[in-house]
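The values are calculated or read from the model by the stated rules, or taken from the named source; none is laboratory data. Quick caveat, the model's predicted, so the values are computed rather than measured. Positions of Cβ are generated from backbone atoms using ideal geometry, with glycine treated the same way; all protein chains shown enter the neighbour counts. Calculation scope for accessible area: heavy atoms of the full protein, side chains included, ligands and nucleic acids excluded. Shrake-Rupley method; radii C 1.70, N 1.55, O 1.52, S 1.80 Å.
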Amino acid sequence: QVQVVESGGGLVQPGGSLRLSCAASGAAFRLYTMAWYRQAPGKQRELVGSILSGGTIDYADSVKGRFTISRGNAKNTVYLQMSSLHPEDTAVYYCNLKEYGSEYWGQGTQVIVSS
């Protein structure tokens, strides 16, 4: 059974930084994509960025230059380093794993950017 678990959310002041972690288990981790999404109150879930199994990384324009996706030594772990946070970055952040036509979501972790 595939499981995806996020951690690291919390309250941070504008301009601050936060690192989210995503650990997945139970998948084959051969050809896959791991991605970060976020959903702000009253808004649709949006893609923040993704990393392919080959290492290619893409970001949404709204976070380019501020957020960094990286993979841990174990290929089932992905991080989202967020810097220069804005109040509009406030959202529930979700980790997503896509593999062989299936898709798996974590439960989400809340990020609040506020003074």
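Close amide H partners of Phe67, meaning residues 5 or more places away or on another chain with modelled amide H under 5 Å apart, are Ser83. The mean sequence distance of close C-alpha pairs (under 8 Å, at least 6 residues apart), as a share of the length of segment 9-80, puts its relative contact order at 31 percent.
Spacing of the modelled spin labels on Ser7 and Lys75, each 7 Å from Cα toward Cβ, amounts to 2.3 nm. Rolling a 1.4 Å probe over the heavy atoms of the protein chains gives the chain an accessible area of 53 Å² per residue.
In summary, the aspartates and glutamates within cross-link reach of Lys43, defined as a Cα separation below 20 angstrom excluding same-chain residues under 8 places away, comprise Asp61, Glu88, Asp89.
Across the options Ile57, Ala91, Leu11, the greatest Cα extent toward the positive end of the charge dipole of the chain (unit charges at beta carbon of Lys, Arg, Asp, Glu) belongs to Ile57. Note on Thr56 and Ser114: with the Förster distance fixed at 41 Å, the Cβ-Cβ geometry gives a FRET efficiency of about 0.75. Counting 0.36 nm for each residue step from Thr68 to Ser21 and taking away their Cα separation leaves a gain of 15.7 nm.
With contacts taken as Cα pairs under 8 Å and at least 6 residues apart, segment 53-115 reaches a relative contact order of 23 percent. Annotation: amide H of Gly16 within the under-5 Å range of Leu85, sequence separation 5 or more or interchain, hydrogens built in the peptide plane.
Using the Cβ of Leu31 as centre and a radius below 10 Å, the other residues enclosed give a net charge of +1, where K and R count +1 and D and E count -1. Of all lysines in the structure, those lying under 30 Å Cα to Cα from Lys75, and not within fewer than 8 positions of it along the same chain, are Lys64, Lys98. Ordered by 1.4 Å accessible area with all protein chains kept, Lys43, Lys98 run largest first as Lys43, Lys98. Counting Lys and Arg as +1 and Asp and Glu as -1 over every other residue whose Cβ lies under 13 Å from the Cβ of Ile112, the net charge comes to -1.
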